[in-house]
Amino acid sequence: MHIRSGALFLAAAAGQLAGAVPVQDSPRQRLLDGKGLPDKFWKDLKPANPYKPGFRDPYDSARDSVGEKLDPLPYRNGLGASVLGPWNPDRARQNPDLIRPPSTDSGDVANMRWSFVDSHVRIEEGGWTRQTTIREMGTSAQIAGVNMRLDKGVIRELHWHKEAEWAYVLDGEVRVTALDYEGGSFIDDVGKGDLWYFPSGVPHSLQGLGENGTEFLLIFDDGHFSEESTFLLTDWLKHTPKSVLAENFHVAPEIFDHIPQKEKYIFQGTHPGSISEERPTGKHVKKSKYQFTHRMLAQEPHLTSGGEVRITDSKNFPLSKTIASAHVIIQPGAIREMHWHPNADEWSFFIRGRARVTVFASSGTARTFNYGPGDVGIVPHNHGHFVENIGDEPIEMLEIFRADEFRDFSLFQWLGETPQRQVLDTLFSEDKEAGEVFLQKIQDAKKDEVRKFDGETDEEEERYDL
């Protein structure tokens with residue numbers, strides 16, 4: 001629940017008590033007598049439906065239309081009207097702040113939201129893949145994302161890309177193999193919360209392990225990337241004369257009579273043995289000196305007042321030169337503080353929870369979007385924004401950037417480290433008393449990436465969304 005003014009409570013309470021008989025010690029009689037209400041009343045009080053013509057909220061508080069089972073309609077503070085034409089209530093419920101935008105939204109802002117459920121799925125033997133690129137979402141210019149599933153023993157065939165590949169394992173286990181620029185062989189098994197990174201052109205393969213295989217998010221450092229443009233081993237050999245293959249590998253041409261005549265891409269393979277059993281042992285085989293994998297969730301988290309943050313970039317994963325990332329947990333009632341990123345667009349992936357995000361695009365423009373599991377969000381670099389948890393479970397999300405280092409500016413920290421006179425002159429020249437309260441809050445200038453309101457307000461208002 002989110003904080004509202006006491007006036008909104010009176011409206012909600014009056015609506016629920018209208019027509020009640022003023023019996024002794026009833027809620028209505030207690031209000032008429034100027035008395036407080038008992039705890040039982042507060043527990044039973046339901047927030048008013050915000051999607052009604054008479055509802056008022058001057059503070060644009062968030063509502064969780066999914067969790068509260070509300071049907072958003074375009075009414076706001078006495079404005080708007082009902083819908084007479086075709087309507088998709090399920091999609092409306094997922095996007096309440098597009099149906100009834102905050103009054104602070106203004107101007108034209110490009111779409112910053114896409115859901116993987118709206119992406120085409122390519123189905124293969126024992127697996128599937130789908131992608132979010134600039135073709136699906138025009139603002140995804142710097143990064144493309146691919147969601148892939150490989151069942152037990154299923155192989156994403158040997159291949160390479162023009163772009164660098166970064167990955168986060170969403171679930172299960174996967175074996176990764178690669179050959180580095182110096183001819184070193186790399187093999188590792190990774191699991192949930194682990195990463196890998198393959199620089200441009202590095203050949204590699206992936207195979208699902210365990211009983212359920214694996215699912216992961218792939219990130220490429222170019223929004224124009226396409227899974228259909230991968231350099232595949234089977235595709236190359238199919239388009240090379242057998243005489244050349246024979247000459248290259250020092251065997252007779254007929255050796256290649258039965259190689260695949262079409263790309264295998266994703267296919268069922270035999271179950272692998274241990275890494276020690278599978279590691280190549282030829283005379284000139286050498287082990288790679290580079291670490292292509294990283295245990296992101298094994299990092300010690302940075303704890304905040306409203307959640308936790310883990311940052312992985314080239315400082316602690318040296319090979320990852322073009323992708324920086326943060327794994328963020330936002331507890332219910334908390335907010336990823338107002339901030340911006342100076343060095344790259346943010347490509348966000350929401351793993352769980354429900355959020356609202358307002359993107360401030362300067363020049364008097366701002367637009368609010370809602371996100372849930374499997375959704376992708378874009379925030380262009382230097383655009384101010386926040387991520388607010390509007391649901392009843394933690395938000396788990398990835399912030400991903402085409403950059404070598406993670407960087408952000410905290411609005412709270414900036415104002416706390418700016419001369420107080422300038423802050424007062426800029427924001428509170430017409431309300432010095434409010435300005436003094438504000439300065440007391442920001443004076444320690446502590447950066448708190450995920451912050452939770454400290455609750456210094458009426459407990460009943462905070463509890464019941466008033």
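Using a 10 Å cut-off on Cβ atoms, rank the peptides 215-222, 111-118 from the highest mean neighbour count down. Don't skip to the end; give the middle numbers.
Numbers: 215-222: 22.5, 111-118: 17.6.
Those peptides, ordered most packed to least, come out 215-222, 111-118.
Would you mind getting the accessible area per residue of the chain, heavy atoms of the protein chains only, 1.4 Å probe, in Å²?
For the chain, the solvent-accessible area averages 50 Å² per residue.
For segment 392-416 and segment 224-238, what is the separation of their C-alpha centers, rounded to whole Å?
Going from one Cα centre to the other spans 35 Å.
Quick one: which residues, 5+ away or cross-chain, put their amide H under 5 Å from the amide H of Ala344? H built at 1.01 Å from N.
Asn382
Number of Lys pairs in segment 226-355 with C-alpha atoms less than 22 angstrom apart, excluding same-chain neighbours closer than eight positions?
On the way: Lys238/Lys262; Lys238/Lys264; Lys242/Lys262; Lys242/Lys264; Lys287/Lys321; Lys289/Lys315; Lys289/Lys321.
Value for segment 226-355: 7.
Could you give me the ³J(HN,Hα) list for segment 252-263, computed from phi with Karplus coefficients 6.51, -1.76, 1.60 and θ = phi - 60°, whole Hz, x at Gly and Pro?
Using θ = phi - 60°, the values come out as 6, x, 5, 4, 9, 5, 10, 6, x, 9, 8, 4 Hz.
State the Kirkwood hydrodynamic radius of segment 75-182 in Å, one decimal place, computed from all pairs of distinct Cα atoms. Spell out each step's value before the answer.
Numbers: mean 1/r = 0.0550 Å⁻¹.
About 18.2 Å for segment 75-182.
Go through 328-337, 73-82, 428-437 and give me the packing order, highest mean Cβ count within 10 Å leading. All intermediate terms of the calculation are to be shown ahead of the outcome.
Values: 328-337: 22.2, 73-82: 14.1, 428-437: 11.3.
Result, highest mean first: 328-337, 73-82, 428-437.
In segment 406-447, what percent of the accessible surface is made up of carbon and sulfur (1.4 Å probe, ligands and nucleic acids excluded)? If you can, show how the numbers build up before the last one.
On the way: 1550 of 3070 Å².
Here it works out to 50 percent.
By its C-alpha gyration tensor, with a ≥ b ≥ c as the square roots of the eigenvalues, how is segment 201-241 shaped: rounded for a/c under 1.5, else prolate for a/b larger than b/c, else oblate? Intermediate results must be reported in sequence, preceding the final value.
Numbers: a/c = 2.72, a/b = 1.29, b/c = 2.11.
Oblate, because a/c is 1.5 or more while a/b does not exceed b/c.
Where a ≥ b ≥ c are the square roots of the eigenvalues of the C-alpha gyration tensor, would you call segment 121-176 rounded, which needs a/c under 1.5, or, failing that, prolate if a/b is larger than b/c, or oblate?
Values: a/c = 1.99, a/b = 1.67, b/c = 1.19.
Note, shape of segment 121-176 comes out prolate.
Expressed as a whole percentage, what fraction of the accessible surface of segment 180-297 belongs to carbon and sulfur atoms when a 1.4 Å probe is rolled over the protein heavy atoms?
Working: 3530 of 6550 Å².
Carbon and sulfur: 54 percent of the exposed surface of segment 180-297.
In whole Å, how far is the Cα centre of segment 50-81 from that of segment 123-191?
Answer, in whole Å: 41.
Give me the distance between the Cα centres of segment 193-222 and segment 304-370, rounded to whole Å.
Going from one Cα centre to the other spans 22 Å.
Express the Stokes-Einstein translational diffusion coefficient of segment 167-269 in µm² s⁻¹, to the nearest whole number, given a Kirkwood radius over alpha-carbon pairs, 37 °C and a viscosity of 0.692 mPa s. If you can, show how the numbers build up before the last one.
Details: Rh = 15.9 Å.
D = 206 µm²/s.
Please report, in whole Å, how far the alpha carbons of the chain spread along each principal axis, starting with the longest.
Here the Cα extents, ordered largest to smallest, are 100, 52, 40 Å.
Would you tell me the accessible area of Thr304, worked out with a 1.4 angstrom probe on the heavy atoms of the protein chains, in Å² to the nearest 10?
My reading of the accessible area for Thr304 is about 30 Å².
How many percent of the accessible area of segment 318-396 is carbon or sulfur, using a 1.4 Å probe?
On the way: 1390 of 2310 Å².
Percent of accessible area from carbon and sulfur atoms in segment 318-396: 60.
The values are calculated or read from the model by the stated rules, or taken from the named source; none is laboratory data. What you see is a predicted model; the values in this text were computed from it and never measured. In this analysis, Cβ positions are derived from the backbone assuming ideal geometry, glycine residues included, and neighbour counts consider all displayed protein chains. Only protein heavy atoms, including side chains, enter the accessible area calculation; ligands, DNA and RNA are left aside. Shrake-Rupley method; radii C 1.70, N 1.55, O 1.52, S 1.80 Å.
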